[in-house]
Amino acid sequence: MKPMKRNLRMLVACALLAFGCSAMFSASAHAQGGATPQSSKGAVIKGKAPVNKDVLKVKLPRAEETTLSNGLRVILLRQTKVPTFTAQMVILSGGLTDKPDFHGLASFTATLLREGTAKRSSKDIAEQVDALGATLTSNSGFSNTTSTIASSGLIENVDQVFDLFSDVVRNPVFPSMEVEKYKTRLLAQLQFQRSNPQFLAQEQFNRAIYGDHPAALIAPPAESIKKLTQKDLVDFHATYYRPNNAILAIVGDVTLKELMPKIEKAFGDWQKAEVPATAIPAAPAQANSRIVLIDRPGSVQTVLQLGTLGIERNSADYFSLLLADKILGGGPAARLFLNLREDKGYTYGAYSSFGGSRFRGTWTSSSEVRTDVTEGAMKEFLFELKRLRDEKVSVEELENAKRGIVGSFALSLEQPQSLLQNIITQKLYDLPADYWDTYPQRVAAITVADIQSVAQKYIDLDHLQVVAVGDAAKARDVLAKYGKVEVFDADGKPVAQGEIKNN
């Protein structure tokens, strides 16, 4: 353990030095207010401390694994720095398990787990979690392959926390009164979300990319909420919340020998059962390029989101895309931020992001800009996307991106939750056993040619989806310079040109 800790401390120190240089650059740029004598397009950040490649050879502690007789897989990563533990029960069924006419059921089930069990009320659960100084959360997304219940606390309280944790996982009763309260809250929340321009942009963007795929949803359909009953939740839980359909992952200051009797007590008599397989639908073929404008009359800002289909999480292109995204819009030192904020002053920030699951995710660029600079922002977004495709990034730019990613990774290893999530990710996507040990080397191996290759592969301008939320009377003609514009209202209903209100 001691050599590993020394290596990790060296890696973190190196990362902190790199981040210090980055912070000084950022502070200098903000002090100038973006008023530079020349454009910052293609700016290169210099003065970074080099990273010794030997320091990157970190050997992380190995997780221990076992399986209970009922099929529950148990994974423990021992971490002795603080006397705490963090546990995740990962149910291998999520939103993708939902029926086509009942999207949201997996999410509803996960959310309502802690609203009452056979022996504890919702109030009892909340009070006991608080008294133990513990945490207890649960969730599942609409296009997730899993549902997750997480808990953490002091090692000295592990027995009490596990008793509560297992009760919530295994014995929820979904009280009718709590279900009705939840439905009321959720319907009100849906109505409120329609006033949020970021929500509207994400909703339309996902629809444009995914069509009828479950990933098109970012909120549950109102009809699913209205028809939800206690029985639906009970049935879903009884079908999918089974030990042979779950992984219990734990990180903390405890040995597997010490922990196993506690796990057996909490989960050993949990009954296994046959669980229906979940079909993972492939992402649809990319539609031809579209421009969708959601009209918000009188809006002083335009929310812009541009993107295409990206990769699955276990894609061979992952690390190339990770670095390409870092260079394009992965922070205040990235091209989009330097261009749209520092050079042009169009916005407070412009970023990009990507993701992937068992199906292809997206690669998106986004910002909120003043309405009167919508045209200029569109021009610069397309300029940066084309530049990444058509021109090779500089070696210095690539090295700076590598340094930032490796530094963030090094710091994340100090966080139990990050260590736990790494283990779960490796298991869910069948990544190599040494995946996280070799993460820095995988980042370091990416070349300038790799960056251009993934940019050309995934920045597919013929299938680029553009979503804007703003004042259609002012933004429509501007956006029309880039293609045919389809206008909708906040409820997703088409708006004819003659119905657009001038302000």
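Nothing in this text is a laboratory measurement; each read-out follows from the coordinates by a stated rule. Predicted, not measured: the structure shown is a model, and the values here were computed from it. For neighbour counting, all protein chains shown are included, and Cβ atoms are generated from backbone atoms with ideal geometry for every residue, glycine included.
Order these by the 10 Å Cβ neighbour count, fewest first: Val373, Val161, Val303. If you can, show how the numbers build up before the last one.
Details: Val373 19, Val161 26, Val303 22.
The fewest-first ordering by Cβ neighbours comes to Val373, Val303, Val161.
Which GluC sites (Glu not before Pro) in segment 159-221 pass both tests, a DSSP loop state and at most 14 other beta-carbon atoms within 10 Å?
Details: sites: Glu178, Glu180, Glu203; in loops: none.
Of the GluC sites (Glu not before Pro), not one in the loops of segment 159-221 has a Cβ with at most 14 other Cβ atoms within 10 Å.
For the chain, what is the calculated [θ] at 222 nm in deg cm²/dmol (nearest 500), taking -39500 (n - 2.57) for each run of four or more DSSP H residues and dividing by its residue count?
On the way: 16 runs with 208 residues, N = 503.
Rounded to the nearest 500, the figure is -13000 deg cm²/dmol.
Starting from the Cα of Lys501, draw a straight line to each of the aspartates and glutamates and keep only those under 18 Å, dropping any in the same chain fewer than 8 residues away.
Cross-link targets: Asp295, Asp372, Asp471, Asp477, Glu486, Asp489, Asp491.
Taking N as the number of residues in segment 120-272, what is its alpha-carbon radius of gyration divided by 2.2 N^0.38 Å?
Numbers: Rg = 18.5 Å, N = 153, 2.2 N^0.38 = 14.9 Å.
My calculation over the Cα atoms of segment 120-272 gives 1.24.
Can you tell me the length gained on complete extension of the stretch Asp163 to Leu256, counting 0.36 nm per residue apart and subtracting the Cα distance? Intermediate results must be reported in sequence, preceding the final value.
On the way: separation 93, 0.36 × 93 = 33.48 nm, distance 1.78 nm.
Extra length available between Asp163 and Leu256 comes to 31.7 nm.
Would you order Met378, Met177 from fewest to most other beta-carbon atoms within 10 Å of each residue's own beta-carbon? Intermediate results must be reported in sequence, preceding the final value.
Working: Met378 22, Met177 11.
Final ranking by Cβ density, sparse to dense: Met177, Met378.
Considering only DSSP beta bridges where both residues belong to the chain, give the percentage that are antiparallel (nearest 5). Provide the component values of the computation, followed by the final result.
Details: 46 of 62 bridges.
The antiparallel proportion sits near 75 percent.
Quick check: residue separation of Val300 and Thr447 times 0.36 nm, minus the Cα distance between them. What number comes out in nm? Don't skip to the answer; put the middle values down first.
Details: separation 147, 0.36 × 147 = 52.92 nm, distance 4.18 nm.
Extra length available between Val300 and Thr447 comes to 48.7 nm.
Can you give the relative contact order of the chain as a percent, counting alpha carbon pairs under 8 Å and 6+ residues apart?
Details: 914 pairs, mean separation 108.3, N = 503.
Contact order relative to length: 22 percent.
Translational diffusion coefficient, Stokes-Einstein: compute it for segment 254-325 using the Kirkwood radius over C-alpha pairs as Rh, at 37 °C and 0.692 mPa s, and state it as an integer in µm² s⁻¹. Provide the component values of the computation, followed by the final result.
Working: Rh = 19.2 Å.
Answer from the Stokes-Einstein relation: 171 µm²/s.
From the list (i) 34.6, 118; (ii) 24.6, 72; (iii) 31.4, 83, can you say which value of Rg and Dmax of the Cα atoms in Å was derived from the structure given?
(ii)
Which residue, Asn245, Ser365, Val478, has the largest displacement toward the positive end of the dipole of the chain when charges sit on each Cβ (Lys, Arg +1; Asp, Glu -1)?
Final value for the positive-end residue is Ser365.
If you take the square roots of the eigenvalues of the alpha-carbon gyration tensor of segment 66-111 and sort them as a ≥ b ≥ c, do you get rounded (a/c under 1.5), prolate (a/b over b/c) or oblate?
Values: a/c = 4.43, a/b = 2.01, b/c = 2.20.
Here segment 66-111 falls in the oblate category.
At a Förster radius of 25 Å, what calculated FRET efficiency corresponds to the Cβ-Cβ distance of Asp491 and Val234, to the nearest 0.05?
Details: r = 33 Å, r/R0 = 1.33.
Computed FRET efficiency for Asp491 and Val234 comes out at 0.15.
Suppose R0 equals 45 Å; then what is the FRET efficiency for Ile218 and Lys265 from their Cβ-Cβ distance, rounded to the nearest 0.05? Could the numbers behind the result be given before it?
On the way: r = 40 Å, r/R0 = 0.88.
In this case the efficiency is close to 0.70.
Can you give the relative contact order of segment 290-499 as a percent, counting alpha carbon pairs under 8 Å and 6+ residues apart? Could the numbers behind the result be given before it?
On the way: 347 pairs, mean separation 85.3, N = 210.
This gives 41 percent for segment 290-499.
Report the residues of segment 180-214 in range of a label on Lys501: point 7 Å along Cα→C-beta, backbone N strictly under 18 Å from it.
Those under the cut-off are 194-197.
Rounded to the nearest Å, what's the spacing between the alpha carbon centres of segment 137-195 and segment 374-417? Just the number, please.
Each part's Cα centre sits 36 Å from the other's.
Which values of log₁₀ I(q)/I(0), to two decimal places, follow from the Debye formula for segment 421-503 at q = 0.16 Å⁻¹ with a uniform point scatterer at every Cα?
For the requested q values the scattering log ratios are -0.77.
At 0.36 nm per residue, and after removing the present C-alpha to C-alpha distance, how many nm does the segment from Asn139 to Lys181 gain when stretched out fully? Mind dumping the intermediate values first?
On the way: separation 42, 0.36 × 42 = 15.12 nm, distance 1.77 nm.
Length gained, Asn139 through Lys181: 13.3 nm.
Between Asp101 and Ala277, what is the spin-label point distance in nm, taking each point 7 Å from the Cα along the Cα→C-beta axis?
Placing both labels 7 Å along Cα→Cβ, they lie 2.5 nm apart.
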